[in-house]
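The values are calculated or read from the model by the stated rules, or taken from the named source; none is laboratory data. What you see is a predicted model; the values in this text were computed from it and never measured. No Cβ is skipped: glycine too gets one built from the backbone with ideal geometry, and neighbour counts run over all protein chains shown.
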Amino acid sequence: MSALSDAVPGTPHFTAEQLDEFCRIFRTLPTYRAEDDAISSSDVPVFYRDLMKWERTQEQIDVYVDCVERALGGRMTITQYLQYFTTQHDKHDLFRVYVENMDLNKDGFISPEEFKLCWHILKTHDPTIAVIDFEELLEQADTNKDGKLSNDELVAWLKKFTSRGKY
């Protein structure tokens, strides 16, 4: 097992060689900098389409670029990419990673502003997710009724409703 796959637990769909190849490709991108082990948002389309040959719509690519810009300060580390990459086979794990990264101030809660960004990205991966406003979601997902939406509450709500196919 590679050091990379050891650093990203739960990668049953990828071999150590595949993860190493992913990292090799990532590190060849024009904006890659070794000091932060990251690329800028401008490399996102090149990475997905040209290098990885992943089929993504232009809308999905635009959302990914916007996410890197707004949620990650314009740069995404290889570890962050690997979190997304290695969870793409499990919608619920992928949602957890998105929710954690959309918690911009890392306080453990999703604000209405963070929700707007997060929901758009979640809908990119699962277009069947209904449009819902923050207050309605808060009413449904705030299980401890503290008036705040924790990351865990949002992930639990997503798991509950996406596992039934209803939103």
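Once region 90-126 is narrowed to residues that are surrounded by fewer than 17 Cβ atoms within 10 Å (Cβ to Cβ) and at pLDDT below 75, the residue that is farthest from F161 (Cα to Cα) is H125. Residue check: is D66 assigned by TED's automatic domain parsing to the domain that holds E17, out of contact with any strand residue (DSSP E or B) (no Cβ under 8 Å at 6 or more places or on another chain) and more than 26 Å from W157 (Cβ to Cβ)? Answer is no for this residue.
Identify, from the list E59, E55, the residue that is among the charged types (D, E, K, R) and modelled with pLDDT of 80 or more. One residue alone meets the criteria, E59.
Answer yes or no: is there a residue in region 139-147 that is of a type in the set (A, V, I, L, M, F, W, C), surrounded by fewer than 17 Cβ atoms within 10 Å (Cβ to Cβ), over 23 Å from D20 (Cα atoms) and in contact with a helix residue (DSSP H, G or I) (Cβ under 9 Å, 6 or more places away or on another chain). No: zero hits. Among the residues of region 66-121, those identified as more than 26 Å from E21 (Cα to Cα) and touching a Ser or Thr at 6+ places or on another chain (Cβ under 9 Å) are D103, L104, N105, G108, F109, I110.
Is region 64-71 home to any residue that is at pLDDT 90 or above, basic (K, R) and under 20 Å from L117 (Cβ atoms)? Among the residues of region 64-71, not one is at pLDDT 90 or above, basic (K, R) and under 20 Å from L117 (Cβ atoms), which makes the answer no.
Every residue in region 82-112 that is of a type outside the set (A, V, I, L, M) and in contact with a strand residue (DSSP E or B) (Cβ under 8 Å, 6 or more places away or on another chain), please.
First, pick out the residues of region 82-112 that are of a type outside the set (A, V, I, L, M): 83-93, 95-96, 98, 100-101, 103, 105-109, 111-112.
If the condition is that a residue be of a type outside the set (A, V, I, L, M) and in contact with a strand residue (DSSP E or B) (Cβ under 8 Å, 6 or more places away or on another chain), then D103, G108, F109 are the ones that fit.
Considering only residues that are part of a loop (DSSP other than H, G, I, E, B) and in contact (Cβ under 8 Å) with a residue 40 or more places away in the chain, which ones fall in region 101-155?
We begin by selecting, within region 101-155, every residue part of a loop (DSSP other than H, G, I, E, B); these are 103-108, 110-111, 126-133, 142-149.
Result: D103, G108, I110, L149.
Just to be sure, is K159 surrounded by 13 or more Cβ atoms within 10 Å (Cβ to Cβ), touching a residue at least 40 places away in the same chain (Cβ under 8 Å), in a helix (DSSP H, G or I) and not assigned by TED's automatic domain parsing to the domain that holds R56? Considered against the rule, which asks whether it is surrounded by 13 or more Cβ atoms within 10 Å (Cβ to Cβ), touching a residue at least 40 places away in the same chain (Cβ under 8 Å), in a helix (DSSP H, G or I) and not assigned by TED's automatic domain parsing to the domain that holds R56, K159 comes out as yes.
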